[in-house]
Amino acid sequence: PDAAPLLHAKGVDAGYGTMQVLWGVDLDVRSGETVLLLGANGAGKTTFLKSLVGLIEARQGSITLGGEDVTRMRSSDRMRLGMTYMSELAVFPDLSIEENIRVGAQALGHANPGARAAELYGLFPVLREKRRAPASSLSGGQRKMLGIAKALAAEPRLLVMDEPSAGLSPLFVKEVIRILSDLRGRGLALLIAEQNIGFLEVATRVFVLEGGRIRFSGTVAEMTDNEALRRAYFGLK
Ligand code: ATP
């Protein structure tokens, strides 16, 4: 087994102005693992992901990526170390599909973004057909796929995703889950913040965030064995 996790956050506090949102959050992701961060609206999932990728600063605690301390590192450097962030607003609507993918590849200084785009069209054939069209012309589901393709263009080791299901119909949520399990099969590590428990299907481990604190961490089986969590997240008795 790996000695050190790929990503390790320890005791992370973060917030906005005088409001503290996160309280001592611990979370780790191992190479190739799919970790789900569950929590209700306002639990602090987005705030935590932003502190991981360097869009806001952790006020306390530490974050390592591949064993390297990135706590005070800028976002672009964390990306160069292999961590890419896919927010809810992942694409530039005015740019074409291909331009969006190139932007993703260039974030890493990719030598040949065109070749990288061609590779990604293999994974997302619908994007190839529309590659010259503006991203705004895509359906919600297609736009999400473009967001994933754009993030993958940077060739991350760890893809950090904020609510990939947001705004999608159940059918497209299934499609996104299928794509993510395909990516998992290729050895990519995923950290997915979600409210949709459908994503448990692809997860190896789960962290539950409540009121800015980790309430639970464990395997999917351990979570479903926990009666209180089962009631809160599955509406079951
Ligand atoms: P959601 O599913 O709605 O994104 P979340 O779990 O991601 O929820 P956060 O977006 O991290 O939660 O929000 C946590 C708390 O921080 C909320 O009370 C929210 O109002 C507050 N908050 C988020 N962004 C800011 C900001 N830029 N300035 C001030 N407060 C913020």
Note to self: Report D for region 38-126 in µm² per second (integer): Stokes-Einstein, Kirkwood Rh on Cα pairs, 37 °C, 0.692 mPa s.
What the structure shows: 219
Checklist line | Whether region 190-237 is rounded, prolate or oblate, judged on the alpha carbon gyration tensor where a/c under 1.5 counts as rounded | finding: rounded
Margin query: Please list, by residue number, everything in region 147-162 whose backbone N is under 16 Å from a paramagnetic label point 7 Å out along Cα→Cβ of residue 92.
Written below: 147-154
Check: What spacing in nm lies between the two simple spin-label points modelled at residue 81 and residue 139, each 7 Å away from Cα in the Cβ direction?
Finding: 4.0
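Once Rh for region 1-80 is found with the Kirkwood sum over Cα pairs, what is the Stokes-Einstein diffusion coefficient at 4 °C and 1.567 mPa s, in µm²/s?
It diffuses with D of about 100 µm²/s by this estimate.
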Checklist line | Simple spin-label estimate for residue 132 and residue 204 in nanometres, 7 Å along Cα-Cβ | finding: 4.3
Check: Which whole-number percentage describes the relative contact order of region 152-191, with Cα contacts under 8 Å and a sequence gap of 6 or more?
Finding: 63
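With the contact rule set at Cα under 8 Å and sequence spacing of 6 or more, what percent relative contact order holds for region 17-73?
25
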Next item on the list: As a check on your grasp of the helix formula, calculate [θ] at 222 nm for the chain: sum -39500 (n - 2.57) over DSSP H runs of n ≥ 4, divide by the residue count, round to the nearest 500.
Entry: -10500 deg cm²/dmol
Next item on the list: With a/c under 1.5 counting as rounded, go ahead and sort region 61-186 into rounded, prolate or oblate using the C-alpha gyration tensor (a ≥ b ≥ c being the square roots of the eigenvalues; past the cut-off, prolate if a/b is larger than b/c, else oblate).
Entry: prolate
Next item on the list: Note down the relative contact order for region 117-231 as a percent, whole number, built from C-alpha pairs under 8 angstrom at least six residues apart.
Entry: 17
Notebook entry, point to check: Going 7 Å from the Cα of residue 231 toward and past its Cβ, which residues in region 24-61 have a backbone nitrogen under 18 Å from where you end up?
Noted result: 40
Notebook entry, point to check: Looking at the P(r) of the chain, how many percent of alpha-carbon pairs lie beyond 33 Å?
Noted result: 16
Check: Cα to Cα, under 23 Å, and not fewer than 8 places away if on the same chain: which lysines meet these conditions relative to residue 174?
Finding: 45, 130, 144, 150
Next item on the list: Can you tell me what the convex hull of the Cα atoms of region 164-221 projects to on average, as an area in nm²?
Entry: 4.4
Next item on the list: Work from the charge dipole of the chain (Cβ charges, +1 for Lys and Arg, -1 for Asp and Glu, about the Cα centre) and give the residue of 38, 165, 137 farthest towards its positive end.
Entry: 137
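Where a number appears in this text, it was derived from the coordinates with a stated rule and is not lab data. Everything numeric here is computed off the predicted structure, so don't read it as measured data. Here the Cβ is made from the backbone with ideal geometry for all residues, glycine too, and neighbour counts use every protein chain on show.
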